[in-house]
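Colleague: Let me give you the structure first, and then I'll get to my questions.
The values are calculated or read from the model by the stated rules, or taken from the named source; none is laboratory data. All figures in this text were calculated on a predicted structure; none of them were measured in a lab. Quick reminder, even Gly has a Cβ in these numbers, built from the backbone with ideal geometry, and neighbours come from all protein chains shown. Just the protein is used for accessible areas: all its heavy atoms, side chains included, with ligands, DNA and RNA removed. Shrake-Rupley method; radii C 1.70, N 1.55, O 1.52, S 1.80 Å.
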Amino acid sequence: MAVDEDWSCDANDALHITVVQPGDTKPKTLSAFHPQFTYPIFGDDEQIFGYQGLIIRLRFAAHDLRPHVHISYDDRFKSVGDTAATDLLGALKPFVPEEALINLPEYEKNVQEDPTAKDFVPPGKQVISYEVDDRVYEIWAGSLADPAVQKILDRAQVLVSLFIEAGTPVDTNDPEWTLERWTVFFVYERVTPPTPTASSYSIVGYATTYRYWLYQRDRTETPAVRNDAFPLPEVKISELPARLRIAQFLILPSHHRSGHGTHLYTTIHAFCIADPTIVELTVEDPNESFDALRDSADFCLLQPEFLKHDVNLNPDPNEIFSGKKRPTVVPTNALIPTQTLRDIRTSFKIEATQFAHILEMFLLSQIPKTHRLAGGTNLARLLIKKSKADNPDDRRYYWWRMLTKQRLYKKHRELLDELDLTDRVEKLDDTVRNVEEGYEITLKNLEGRLPDPADEGSAAPSGRREKRKLAVSDDEDEEENGAEAAKRPKV
Ligand SMILES: CC(=O)SCCNC(=O)CCNC(=O)[C@H](O)C(C)(C)COP(=O)(O)OP(=O)(O)OC[C@H]1O[C@@H](n2cnc3c(N)ncnc32)[C@H](O)[C@@H]1OP(=O)(O)O
């Protein structure tokens, strides 16, 4: 036990990642940070055994990500029987390219004297350029079938294991037709080259996306067996209708919370809109922080559209019924303009669940805060009065809860139906409350960045950007966790 304590260290602390660029005589560090995870490399407990004063330095050249691994330590445990120090190179080799394992002077010389650096441009094509705090950034995009894209991605892949939980590197050895499904987006900063031969680009982050074929049946056509000539004509995967799926999305820690993630996401979204073969944008296993980023970005995109179309909850949907009898189902079509919303969703190519989140958030924001739970509305009284509440905003809020509950119920129906009625009602109630709290956090974060015409009851926009404390999700992946999974605590 004492041996463990003296000779074990935290792998996340031991691993130092640095981004370097040429200096006066040898490369200098542009930024340095530790990984978020090392469990894929060093095991679940993220501990390394057998070293004292261990530093594993993972260097990347700022422009082309040329990598290097350097290991140093004060002392190494001498093997006793089966107990031996962790084989560091053995653990790292599957994650870093072979080229990273050369000696340090050679690597430094390669970075310092790189003859191609001066003329380096990121791979693919430049998509946009933007400024943050007087610094200029560019987003470039290219197909993974392009060897230049492949080279940078191969060098960057280790970062997936270090920063994206459960993320797996993309296999760049796949055949070309499947590599063509992938588009990689790179975010670079334009920097003043530190030496006359250095590059003017410095990496900020990147995202990988792939086309996911979308089966669309033409319902006007009756299915029939046809004797078409075989083999069938070659189909180009890039021409088939598809969903675009964001697989890996990463901004380097030294650039976090400066809006780069948002720029990258909105650029990918604009790319989808511009491509007629892409039907919608989806995301593979988003985490809490990505959800927060995506919710904010999608809300900013859709809010003007909702306002333009006067989207709001009808406080009196029952008027369309005969009068006396309350409908037994939520009168969705009478509550919201479903056809208009369907059109907005299709034209903005937003996935159905994500669209529902943004719509619910928007509808909530249109109810003055004093009539929402966050503003202290009297829920007990509203639950007695229901759709007969005197104030139209109270009725709107009542219907907002019904509409949201309806979606949640449909999504988690199998699980909820296993509960008895009282438990089911309680579970759904808790879930809608959690969902609402999540929306309120995002809305508060957005205060000051967006006009909030309906929010007469809340304080004037402060412009303060608060950190989100929880994220809400009821994506398919969450279903098995039951209705409570709609609220996931933020780490
Ligand atoms: C599909 C996937 O790959 S999911 C995995 C996503 N990637 C990762 O988690 C890797 C490590 N993390 C990152 O790369 C970055 O932190 C990202 C991509 C999640 C965010 O990138 P950033 O450039 O920092 O985002 P950006 O500055 O645009 O933030 C926009 C909004 O998103 C939300 N947000 C961003 N990061 C976080 C976070 N860590 N926690 C909570 N909310 C967050 C906030 O609302 C933020 O607005 P604010 O800064 O005004 O509060």
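Colleague: Which FRET efficiency value, to the nearest 0.05, do you get for D44 and S129 by plugging their Cβ-Cβ distance into 1/(1 + (r/R0)^6) with R0 = 60 Å? Walk me through the numbers before you get to the answer.
Modeller: Numbers: r = 42 Å, r/R0 = 0.70.
Efficiency at R0 = 60 Å is approximately 0.90.
Colleague: If you don't mind, there's one more thing I want to ask. Computing the accessible area with a 1.4 Å probe over protein heavy atoms, can you report the carbon and sulfur percentage for the chain? Intermediate values should be presented prior to the final figure.
Modeller: On the way: 12840 of 25480 Å².
Carbon and sulfur: 50 percent of the exposed surface of the chain.
Colleague: Just to be sure I understand the model, the point goes 7 Å from the Cα along the line to the Cβ. What's the resulting T195 to L240 distance in nm?
Modeller: So the label points at T195 and L240 sit 4.9 nm apart.
Colleague: Can you give me the distance in nm between label points at E418 and E99, each placed 7 Å from the Cα along the Cα-to-Cβ direction?
Modeller: Here the answer is 5.2 nm between the modelled labels.
Colleague: Just to be sure I understand the model, the point goes 7 Å from the Cα along the line to the Cβ. What's the resulting E437 to N378 distance in nm?
Modeller: Simple spin-label model gives 2.4 nm for this pair.
Colleague: How long is the gain from D13 to I71 if the chain were fully straight, where each residue apart is worth 0.36 nm and the alpha carbon distance is subtracted? Please list the in-between numbers first.
Modeller: Numbers: separation 58, 0.36 × 58 = 20.88 nm, distance 1.33 nm.
So the chain would gain 19.5 nm between D13 and I71.
Colleague: Can you give me the accessible area per residue for the chain, using a 1.4 Å probe, in Å²?
Modeller: On the way: 25480 Å² over 491 residues.
With the other protein chains kept in place, the chain gives 52 Å² per residue.
Colleague: Please work out how much length the chain gains when fully extended from E176 to N391, using 0.36 nm per residue of separation minus the C-alpha to C-alpha distance, in nm with one decimal.
Modeller: Numbers: separation 215, 0.36 × 215 = 77.40 nm, distance 6.19 nm.
This chain segment gains 71.2 nm when fully extended.
Colleague: Express in nm, to one decimal, how much length is gained between A229 and D430 on full extension, taking 0.36 nm for each residue of separation and deducting their alpha carbon distance.
Modeller: The A229-D430 span can extend by a further 66.6 nm.
Colleague: Please give the net charge around H70, taking every other residue with its beta carbon less than 11 angstrom from that of H70, where Lys and Arg add +1 and Asp and Glu add -1. Don't skip to the answer; put the middle values down first.
Modeller: Working: positive: R57, R59; negative: E108.
Taking every Cβ under 11 Å from that of H70, the sum is +1.
Colleague: Among Y409, F33, A224, which residue has its Cα positioned farthest towards the positive end of the charge dipole of the chain, with +1 placed on the Cβ of Lys and Arg, -1 on the Cβ of Asp and Glu, and the dipole taken about the Cα centre?
Modeller: Looking along the dipole axis, the top candidate is Y409.
Colleague: Over the Cα atoms of the chain, what Rg and Dmax result, in angstrom?
Modeller: 26.9, 86
Colleague: Using the charge dipole of the stretch 133-202 (Lys, Arg: +1 at Cβ; Asp, Glu: -1 at Cβ; taken about the Cα centre), state which of A198, Q157, G142 has its Cα farthest towards the positive end.
Modeller: A198
Colleague: With +1 assigned to the C-beta of every Lys and Arg and -1 to the C-beta of every Asp and Glu, and no other charges, what is the dipole magnitude of the chain about the Cα centre in debye, to the nearest 20? Show your work: numbers first, answer last.
Modeller: Numbers: 59 positive and 80 negative charges, 399 e Å.
That gives the chain a dipole magnitude of about 1920 debye.
Colleague: Between beta-carbons, use under 14 Å as the cut-off and find the net charge around T346, counting Lys and Arg +1, Asp and Glu -1.
Modeller: Taking every Cβ under 14 Å from that of T346, the sum is 0.
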